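Report on the structure given below.
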Amino acid sequence: MNATQYREIAKSVVDEIADYEEGIALRDVVSKVEPGYLKGLLPGTAPMEPDSFDQIRADVREKIMPGLTQWSSPKFMAFFPCGRSYPADIAEMYSNAFTGAFFNWVCSPAVTELETIVLDWLAQALGLPQCFFSSTQGGGVIHGSASEAILLSMVAARKKILGEMTAHMPEGSQKDEAQRRLQCRLVALGSSGVHSSTKKAANIIGVQFETVPAAAEHGYSMRGDALANKMEELEARGLQPFFLTATLGTTDVCAVDDFQGIADALAQHPQPEIWVHVDAAYAGLPLLQFWTA
């Protein structure tokens, strides 16, 4: 594909996407295909020769679109809405055009600096304290997903607590061995409604996961007393809670954990401190100050 073909095809795709979005409310939200439907519609091996774009467009319309769940539909009521917009589509075009491996500043200064600036804007809009800004060591970074953010947070929490628990030891193989033994005692916590990514992260990094009950009579919210009881139970078993996911809007019923009660329970907890990760992926938008002003 050359630049002339790209211009022609891209313009037609933009028109097609706009038509699709304008009519999305008329489409069935849930696909009617059966599991495995696509395997019978595609070749058993990757094609060795390119298809024409007309053929690709036909495949998208006839084979892909029937298998889509319409997350952007106004009738979609499951989980959280999947954010997309026309400005976001245009931004994706720029992003793809300027693609690269941006793992440090020199690889594309504008990319690193734009991320830093925009995340400072977000911290400001959320009313976060100065420790969450790039002028300190707490500036934010963009992750590929909320699950990835939880995984990275848990890795950092594990490193922090193991360092604290072995701070009295000199660097070397004995300290490394002690940290490996201590890791077997570490437990990550989340409510019974917490997103599965917390448990998956615990499995990935090799620590245990325990559920804090969140009863129906409390709106499926994790409360401070339930957390305190769970921590006491774990410590009686010789285990060490080190990480907690508190949720602002659980995926199933949009429950909000009792943050003040959780903070009070943790304030009574002896050292080492528990790392708290707030998962606000579902219901965090109202925290933006221009919504609440």
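Taking the criterion of being touching a Cys at 6+ places or on another chain (Cβ under 8 Å), of a type outside the set (D, E, K, R) and assigned to a loop (DSSP other than H, G, I, E, B), would at least one residue in the stretch 46-53 satisfy it? Steps first, please.
Residues of the stretch 46-53 touching a Cys at 6+ places or on another chain (Cβ under 8 Å): none.
Scanning the stretch 46-53 turns up no residue that is touching a Cys at 6+ places or on another chain (Cβ under 8 Å), of a type outside the set (D, E, K, R) and assigned to a loop (DSSP other than H, G, I, E, B).
When you look at LEU38, is it in contact with a Gly (Cβ under 8 Å, 6 or more places away or on another chain) and surrounded by 11 or more Cβ atoms within 10 Å (Cβ to Cβ), yes or no?
Details: in contact with a Gly (Cβ under 8 Å, 6 or more places away or on another chain): yes; surrounded by 11 or more Cβ atoms within 10 Å (Cβ to Cβ): yes.
Yes.
Would you tally the residues in the stretch 223-272 being surrounded by fewer than 18 Cβ atoms within 10 Å (Cβ to Cβ), polar (S, T, N, Q) and not in a helix (DSSP H, G or I)?
2
If you check VAL194 against the conditions, is it buried (at least 21 other Cβ atoms within 10 Å of the Cβ), among the hydrophobic types (A, V, I, L, M, F, W, C), within 30 Å of LEU288 (Cβ to Cβ) and in the same structural domain as TRP275 (by TED's automatic domain parsing)? Spell out how you get there, then give the answer.
Numbers: buried (at least 21 other Cβ atoms within 10 Å of the Cβ): yes; among the hydrophobic types (A, V, I, L, M, F, W, C): yes; within 30 Å of LEU288 (Cβ to Cβ): yes; in the same structural domain as TRP275 (by TED's automatic domain parsing): yes.
Criteria met by VAL194.
Pick from LEU182, LEU162, LEU239: which is under 13 Å from ILE274 (Cβ atoms) and aliphatic (A, V, I, L, M)? Full working, then the answer.
On the way: LEU182 fails: under 13 Å from ILE274 (Cβ atoms); LEU162 fails: under 13 Å from ILE274 (Cβ atoms).
The conditions single out LEU239.
Can you tell me which residue within the stretch 158-188, out of those that are crowded, with 19+ Cβ neighbours inside 10 Å and without any contact (Cβ under 8 Å) to a residue 60 or more places away in the chain, is farthest from the chain's Cα centre (by Cα)?
Going through the qualifying residues, I end up with LEU162.
For the stretch 79-111, enumerate the residues that are among the aliphatic types (A, V, I, L, M) and either closer than 30 Å to ALA255 by Cβ or surrounded by 10 or more Cβ atoms within 10 Å (Cβ to Cβ) (or both).
Restricting attention to the stretch 79-111, the residues satisfying the condition of being among the aliphatic types (A, V, I, L, M) are 88, 90-91, 93, 97, 101, 106, 110-111.
Hits for the stretch 79-111 are ALA88, ILE90, ALA91, MET93, ALA110, VAL111.
It is to be established whether one or more residues within the stretch 121-128 are closer than 23 Å to HIS277 by Cα and not in a helix (DSSP H, G or I).
Going through the stretch 121-128, the residues closer than 23 Å to HIS277 by Cα turn out to be 121-128.
Now restrict to residues that are not in a helix (DSSP H, G or I): 127-128.
Taking every residue of the stretch 121-128 in turn, at least one turns out to be closer than 23 Å to HIS277 by Cα and not in a helix (DSSP H, G or I).
Out of everything in the stretch 124-148 that is among the aliphatic types (A, V, I, L, M) and touching a residue at least 24 places away in the same chain (Cβ under 8 Å), what residue ends up being surrounded by the most Cβ atoms within 10 Å (Cβ to Cβ)?
Kept after step one, since they are among the aliphatic types (A, V, I, L, M), are these residues of the stretch 124-148: 125-126, 128, 141-142, 146.
From the residues that got through so far, the ones that are touching a residue at least 24 places away in the same chain (Cβ under 8 Å) too are 125-126, 141-142, 146.
On the way: ALA125: 13, LEU126: 13, VAL141: 11, ILE142: 10, ALA146: 15.
Among those that are among the aliphatic types (A, V, I, L, M) and touching a residue at least 24 places away in the same chain (Cβ under 8 Å), it is ALA146.
The values are calculated or read from the model by the stated rules, or taken from the named source; none is laboratory data. Just so you know, these numbers come straight off a predicted model, no measurement behind them. Don't worry about glycine lacking a Cβ; one is built from the backbone with ideal geometry, like all the others, and counts go over all protein chains shown.
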